[in-house]
Structure formats: structure tokens, C-alpha cells
Amino acid sequence: MTAASTPAVVREPDGGPVKSGPSRGVLARAAAGPKTAYLLYVAGKLGGAAVSLLAVLVTSFFLFRIIPGDPVKAMTRHRPVSPEQMAALRRQFGLDSPLWQQFTDYCGKALTGDLGVSYQFHAPVSQLIAERFPATLLLTGVAVVIYSALGLWLGTRSAWRHGQLGDKLNTGVALTLWSVPSFWLGLLLIIVFSVGMGPIPGLFPTGGMESGSETGFAHVLDVAHHMVLPVLTLVAVGYAQTLLVMRSSLLDEMGSDYLTTARAKGLRDALVRRKHAVPNALLPTVTMVFINLGHVAAGSILVESVFSWPGLGGLFYQAIPVPDLPLIQGLFVVFAGAMILMNLLADLLYPLLDPRVGR
Amino acid sequence: MHAVRGVDLTLAAGQKLGVAGESGCGKSTLALALLRLLPASAHLSGEILLDGEDVLTMKWGRLRAVRWAGASIVFQGAMHSLNAVHRIGDQIAEPLLIHGRATPAAARKRTAALLEQVGLPAARADAYPHELSGGQRQRVMIAMSLACDPHLIVADEPTTALDVMIQAQILRLIEQLVADQNISLLMISHDLAVLADTCDRLAVMYAGRVVEEGPAAAVHTAAHHPYAQALSAAFPRIGDPASRRAPRGLPGDPPDPARLPTGCTFHPRCPVALASCTQDDQPLREAAPHHHAACVHVSPAIPQGVSAP
């Protein structure tokens, strides 16, 4: 981290004497002008993201070597194999070379975009990930957008009328759903709405992403039909977090003087909320929404498994028991990379929302 | 709990009235009550007449129309009273647009004019509050308060957060602007000297009540109520070496509004309290023409009051 952030801090505007002491940073920033200051800010954030990504690469290699189990043994289970064949397999996977050499090989290839070949699927990891990624992006992307919007909206309403019945109901329901395990809720929804229960007929498919026969617009509708229950599960379990963060950050703003000013100006209550309170309260919540978006890549291992959704979460679930090291490492890098990317986007967006940051 | 009790103040058009008192005596509550800006839990009774219209019985729509257009407020602490995420130009133009006084283009022009009127370059309209100094922010607040040509401006401790040099500038600015446009000014401060300097009349509040009211100079230099005297003596006066060498404080704190003392609420801290003061509350009495004080020592029976001129 320090390696990346240093250049941004050390670089001073050309010329101009730089005073020492605590005011130095402020002077440098004021002298640099808003454009340069923003570029420095962006450079710092980009550097930070690059370093984080490198750290992830290193971690992903060593972290999964700790998992007990021998991939070669796991893959040859229930098959008559001679020790020579196992040794050959080890050599093929590169598991016979010393750890440090495996590590440098892995890093060198990863930097060129080659994440290795999956032990169990015998296909390049990057290809496997590329195949499964759209399904996850679709499912969790839609769910995150819905539950973030829902959380922001309900959180705003709750805070503005805090302590009243609506607020108590709102937060009560959200907290209850938050504490429900997602796989349990998913199974419940399948039993009630897919299998059908009492007067309720089986309205939705039990799993998968498509029926396979439709094309064109009918195909879109078919996928949407398959998405209803898993999205519902993810939204129900996920929206409480956004709601609570938005509620508490809006509550923090409620007593603020600038809201009294806005009221004194003759603004309607709804306008005071929308134009003055919410933009200020949104700042802490934005980070949260982007962290949620970062989770999109990882999807939800549990929900994808329950609904047999052909996404990355399911792939990860299949890779763990072997352990299919290249696949696990690759997925880990992609999951962490998505998180780093979303954090970077949040950082870059922040100055646009809060004029006090990065200018 | 009564934060403000039995306050009866009148302000003529173009007049400047100062309200003084310690923290917690109800000054700011009074200011917020004027435009019904207190929280919904606050209960107001009596009458607040603005141009003859009672603010307390107004419908919401009318109240919103009166807010800022009829009377505007310069709040203390412009740092927090301005919205940090909006440009100051937009914040100044906002009431113009809300009250339908101008089209967006006209509002921008008016904003530029207002900024120059308070001594800021028009280009600063694009700045955010954090990019301005404390004095500049207070100038923005003043420009904002003038936006809709109100009849009354309430200035709630407009200079308290500023250093002395800026304080003087801001006071001159307010004085000049209200004089130019014949706006009435209700200025609230704990600093009696500042008020006496700016205002025509002064009211001194203690524990939610007006205890002395009269011409500014008289209240400042020749107060009748012992609390007003203490307040005046707490600030060293220019040209009066005696007061500078010995600025007097007043021991004790203002009472908790939930547990007010019996009788005259000032008696526990009063240096000249009589035995009867613990039981009998004093109404405002005429101490001099147009000058009233609520003290037992101000009475026709005792013409030589404690410090009557």
C-alpha cells in the first residue's frame, strides 16, 4: 500500500517553495489547482488498486496450498492407477517442482492473463470463468441493483419518520429477513412457488437458468422467469444492510443546521429531504452499494447452488473439494479483483458526490 | 418546560432590535419560533404577527410562502448552516426559485448581484462552502438572506464564530444593507456591546423572559435590571479603563428551564435581591420613557433605583 501511495503524496507542483510543517499538504493541494489535485487523487487510488491486486495474486497462491488434500489423489480416486502414473500427473500439473518455482511460474503466467488449466475440467481456467461469468453477473447484478435501490428508498423513509410505526415495521421486517439463511429461504420459495403448495400452483421453475428451447424475446422472458425466485431470495436477505446504513446516516444528518436553513427558506418537507438531507446522507451509503456490487462476481455460492444457477459461485463450490488449485486461484483473483475494481470506482465517484473529497 | 415565557416584543419597519442574554436563556428558541422552525414537539402559544399576519395560525402553504420572503434568518455558524454538497450560488438562488421570484437565468444574475453586494466576487457562486473562509461564508449567508427582499432579517449570533476584525466588517455590512433597503433587523447575541453598537433598541433576556427593554445606549450603559448590568459589565468598554481592568463576571449559571426558581427567576444570582424576591415575580415596569425593566428596585415608589440615571 505504502509503495503505491507514496508517489502521489511526494509529488509536489513544479517550482514553488514547499513549506515544511503540517500545512504542507494543504499548500501543495491549493497550489496545484483543482484539476491537478484530482489527477493526483486518481493516480493515488489507481496505484493503491494495483498494489491490492498484486497482494491478492500472492495470497491466492499460498492461501489455497494450506487446504488439506492432494488433487492428484482426489482425481484418481476409484481408479486403478500406478504410482508412476500419479507421478506423471504430478509432473503434468507442475506439482513436482519446488514451491517457489510453482509460485514464480504462476505469477508470471497470471500477469499475462494465463490462469492455468483446471485439473478436473481439463480446460483453461480463464475460459471456464468467461463461460460462467455472464450468468452470475446477470443474477447477482440484478439482485444488487434491486436491493440497493430498495434499501436506499426504505432507509430514507424510515429515518425521516423515525420512531413511528412505519419505521419500526420497516426495520423489523428487514432485520428479520436479514437473519434468515439464504439457502433456507431459497428452499422455502421453491417448495411454495415452484413445487406448489395447497392452492398455490407451481408458478416458477425449480432451478437452472433457461429451458433451452426458446429463442429471441421468448428466451429473454424464459430467463427472467427463471430469475424471479433466486433474485427474490437475494433481495430479501440483502436489502436490510443498505436500509440500515442509509437510515443511520440520514438520522445523523437530521438535526443539522443546513436543514433548518432549508426549511426556513420555505422548502416543502419532501424537498428538504430530497435536495438537502439525502445527498449528504448518501455519501457513506455509496461505499456500501459499491461493496455490494463488488460481490456481484462472487455471486452467492449458496443461492446459486440451491437454484442450480450455472454461475461462478457454483463453479467455486465444485473446485473446493478437489482442490482444483488453478481454478480456485483464478476464481479468487476474479472475485477479489471485482471487489478492488468496485472500490476503485467508488473512490473515483466520491469526489463527484462530495466536493470536499479529492479536490 | 417553558424555554421562552411571556416575551412581548415589537419591531417597527426599518428598526433594529437587539436581543441579548447568556447561552440557554431562550434567544435562539425565540428566533426559530418566529418562523415556526422549532421541532413539532414544541408548543407555541400567543401571537407572532408579521406584517399583521399571525404566523402561528397560518396554513402550511402560507407559512412556506412567508418563510424567507417575509422574514429570513442569518444563522450562527455558516459552516453548518450552508449545505456542504451544493454550490453557494445554487443555495443563494434556491429561495428565489422556490418562491417563484425568478427564472433560473434571472436567479443566476440576481445571485451574482447579491454576492457583489456583500463584497464577494460574483465568480464565487461556483464555489462550495468549504472553499470559503468563515467570514466569506457568513457573507454568503447574508447574501442569501437578502435574496427575496424580506421585510425582516433575523440575525442569530451572526458574528459569534468570527474573529474580531471580520466581526466588525460583517456587522458594518449588515447595518449598511438593512439601512439601504429599509429592512427591519432582529439581532441576537450574547455580546451587549455589539448589539448596542448596531441596534436602536435592546431587549435583555433571562431564563426565557425579557427582563429589560429600552433604547440601546441606555440599556447598555445605564441598565436597571441587575442582570442587564452584569451582562454589560462582563464586557470591557472602550474608553472606560475601569471596566477594562476589572471586567466583572456573574457567578452561577442560568437556571434549568425545567426547574425555575420561585419568584423572580434571577434572585439566586442577584446581588441586590430582597427577601420578597424569592416569592414575588416582577413584571416589566417603566424605568424611564420607553425603557422597562422587571426588577423590584425599579418602581415609582423607589425613584432612586439601584443604578437609575
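The values are calculated or read from the model by the stated rules, or taken from the named source; none is laboratory data. Everything quoted here is computed from the prediction, not taken from an experiment. So basically every Cβ, Gly included, is an ideal-geometry build from the backbone, and we count neighbours across all protein chains shown.
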- Message: Suppose we filter region A:206-235 for residues that are at pLDDT below 85 and under 19 Å from A:S300 (Cα atoms); how many remain?
- Response: 5
- Single condition B:M165 does not satisfy, out of (1) within 14 Å of another protein chain (Cβ to nearest Cβ); (2) more than 19 Å from the chain's Cα centre (by Cα); (3) hydrophobic (A, V, I, L, M, F, W, C): (1)
- Message: Any residue that is at pLDDT below 90, within 11 Å of another protein chain (Cβ to nearest Cβ) and on the phi > 0 side of the Ramachandran plot - is there at least one of those in region B:75-83?
- Response: yes
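Condition check ((1) closer than 30 Å to A:A338 by Cα; (2) surrounded by 12 or more Cβ atoms within 10 Å (Cβ to Cβ); (3) at pLDDT below 70) across all residues:
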| residue | (1), (2), (3) |
| --- | --- |
| A:V26 | no, no, yes |
| A:T36 | yes, yes, no |
| A:K45 | yes, yes, no |
| A:D70 | yes, yes, no |
| A:R90 | no, yes, no |
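Each row is one residue, and each column tells you yes or no for (1) within 11 Å of another protein chain (Cβ to nearest Cβ); (2) hydrophobic (A, V, I, L, M, F, W, C); (3) closer than 24 Å to A:P355 by Cβ; (4) surrounded by fewer than 17 Cβ atoms within 10 Å (Cβ to Cβ).
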| site | (1), (2), (3), (4) |
| --- | --- |
| B:H86 | yes, no, yes, no |
| B:L115 | no, yes, yes, no |
| B:Y128 | yes, no, yes, no |
| B:R137 | no, no, yes, no |
- Message: Condition first: of a type in the set (A, V, I, L, M, F, W, C), surrounded by fewer than 17 Cβ atoms within 10 Å (Cβ to Cβ) and within 13 Å of another protein chain (Cβ to nearest Cβ). Can you find one or more residues in region A:215-231 that meet it?
- Response: no
- Query: If you check B:A31 against the conditions, is it within 13 Å of another protein chain (Cβ to nearest Cβ) and touching a strand residue (DSSP E or B) at 6+ places or on another chain (Cβ under 9 Å)?
  - Reply: yes
- Query: Only one of A:S179, A:S194 is touching a helix residue (DSSP H, G or I) at 6+ places or on another chain (Cβ under 8 Å) and among the hydroxyl-bearing types (S, T, Y); which?
  - Reply: A:S194
- Message: Going by what's in this entry, would B:A42 be described as within 14 Å of chain A (Cβ to nearest Cβ) and either touching a Phe, Trp or Tyr at 6+ places or on another chain (Cβ under 9 Å) or polar (S, T, N, Q) (or both)?
- Response: no
- Item | Residues of region A:315-331 that turn out to be assigned to a helix (DSSP H, G or I), among the hydrophobic types (A, V, I, L, M, F, W, C) and surrounded by fewer than 20 Cβ atoms within 10 Å (Cβ to Cβ), as a count | 0
- Item | region A:146-176: number of residues that are surrounded by 16 or more Cβ atoms within 10 Å (Cβ to Cβ) and of a type in the set (A, V, I, L, M, F, W, C) | 7
- Checked region B:168-209 for anything free of Cβ contacts under 8 Å to residues at least 12 places away in the same chain and within 13 Å of the chain's Cα centre (by Cα); matches are none
- Query: Looking at A:L111, is it buried (at least 17 other Cβ atoms within 10 Å of the Cβ) and at negative phi?
  - Reply: no
- Can you give me the ranges of the helices (runs of 4 or more DSSP H) entirely in region A:125-193 with at least 3 residues that are closer than 18 Å to A:L244 by Cα? A:125-160, A:165-178
- Message: Quick check on B:L50: is it buried (at least 16 other Cβ atoms within 10 Å of the Cβ), more than 7 Å from chain A (Cβ to nearest Cβ), out of contact with any Phe, Trp or Tyr (no Cβ under 6 Å at 6 or more places or on another chain) and touching a residue at least 24 places away in the same chain (Cβ under 8 Å)?
- Response: yes
- Taking region A:69-91, which residues are outside any helix (DSSP H, G or I) and free of Cβ contacts under 8 Å to residues at least 60 places away in the same chain? A:D70, A:T76, A:R77, A:H78, A:R79, A:P80, A:V81, A:S82
- The lone condition B:A102 fails out of (1) under 22 Å from the mean Cα position of the chain (by Cα); (2) without any contact (Cβ under 8 Å) to a residue 40 or more places away in the chain; (3) buried (at least 17 other Cβ atoms within 10 Å of the Cβ); (4) over 22 Å from B:Q167 (Cβ atoms) is (1)
- Does A:L345 fit the bill of being touching a helix residue (DSSP H, G or I) at 6+ places or on another chain (Cβ under 7 Å) and assigned to a helix (DSSP H, G or I)? yes
- Message: Against the condition crowded, with 17+ Cβ neighbours inside 10 Å and touching a Ser or Thr at 6+ places or on another chain (Cβ under 7 Å), how does A:S118 come out, does it pass?
- Response: no
- Message: If I ask for residues that are touching a residue at least 24 places away in the same chain (Cβ under 8 Å), out of contact with any Ser or Thr (no Cβ under 7 Å at 6 or more places or on another chain) and within 14 Å of chain B (Cβ to nearest Cβ), which ones from region A:232-256 would you list?
- Response: A:D252, A:E253, A:M254, A:S256
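Tally the residues that are touching a helix residue (DSSP H, G or I) at 6+ places or on another chain (Cβ under 9 Å) and either more than 20 Å from A:F335 (Cβ to Cβ) or in a loop (DSSP other than H, G, I, E, B) (or both), restricting the search to region A:104-122.
Of the residues in region A:104-122, the ones touching a helix residue (DSSP H, G or I) at 6+ places or on another chain (Cβ under 9 Å) are A:106-107, A:110-111, A:113-121.
Those still in the list that are either more than 20 Å from A:F335 (Cβ to Cβ) or in a loop (DSSP other than H, G, I, E, B) (or both) too: A:113-116, A:118-121.
Adding up the residues that qualify gives 8.
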- Task: Name every residue in region A:257-286 that is within 33 Å of the chain's Cα centre (by Cα), surrounded by fewer than 20 Cβ atoms within 10 Å (Cβ to Cβ) and within 7 Å of chain B (Cβ to nearest Cβ), in order of residue number.
- Result: A:P279
- Query: Is there a residue in region A:334-348 that is more than 22 Å from the chain's Cα centre (by Cα) and acidic (D, E)?
  - Reply: no
- Limited to region B:6-31, what total is found for residues that are without any contact (Cβ under 8 Å) to a residue 12 or more places away in the chain and surrounded by 17 or more Cβ atoms within 10 Å (Cβ to Cβ)? 0
- Item | Criterion: more than 29 Å from the chain's Cα centre (by Cα) and not polar (S, T, N, Q) - qualifying residue of A:V72, A:V51, A:V117 | A:V72
